[in-house]
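The values are calculated or read from the model by the stated rules, or taken from the named source; none is laboratory data. Because the structure is a prediction, the values reported are computed rather than measured. Heads up, the Cβs are rebuilt from the backbone with ideal geometry, glycines too, and the neighbour counts pull from every protein chain shown. With ligands, DNA and RNA removed, areas are computed over all heavy atoms of the protein, side chains included. Shrake-Rupley method; radii C 1.70, N 1.55, O 1.52, S 1.80 Å.
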Amino acid sequence: MSQQKIRAVYMRGGNQPLPRLPPGRPSAAGAARDRVLSGALGSPDPYGRQLDGLGGGISSLSKAVIIGPPTLPGADVDYTFAQVDIRSPVVDYKGNCGNCSSAVVPSRSTSGW
């Protein structure tokens, strides 16, 4: 397996540790982004522990966000929440997490946009 350097930040949002990726490649929606998020968190893991990644082996510790400059008028940021399944190669973008959302302001102030 080849490795690829990806610009990212590992930070806390409330009491939630999570990886934060910038927008753009490989953060553009699709299978490549899903593979990056799953790999960063150690999923899928048939034993459900995510020992080979940043995930904590439970769904509340298997989340990530993509935060970047706004692409819509009137918005302050673009924010995408990702829930990474622990045992299967599935990333769900439908939900949200208050702790993860709280990482938006620190991300914006440290990213230099």
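Tell me which trypsin sites (Lys or Arg not before Pro) from segment 1-103 have a DSSP coil assignment and no more than 16 other beta carbons within 10 Å of their own.
Lys5, Arg7, Arg49, Arg87, Lys94
Quickly estimate the mean residue ellipticity at 222 nm for the chain, helices only: each DSSP H run with n ≥ 4 gives -39500 (n - 2.57), and the total goes over all residues, rounded to 500.
-5500 deg cm²/dmol
In Å², and per residue, what accessible area does segment 1-93 have when probed at 1.4 Å with the other protein chains present?
Normalised by residue count, the accessible surface of segment 1-93 is 60 Å².
What is the distance, in nm, between label points placed 7 Å from the Cα along the Cα-to-Cβ direction at Ser59 and at Thr71?
Result for the modelled spin labels: 2.8 nm.
To the nearest 20 debye, what charge dipole does segment 1-86 have about its Cα centre, counting +1 at the Cβ of each Lys and Arg and -1 at the Cβ of each Asp and Glu?
220 debye
With the full set of protein chains in place, find how many percent of the accessible area of the chain is carbon and sulfur; take the probe as 1.4 Å.
55 percent
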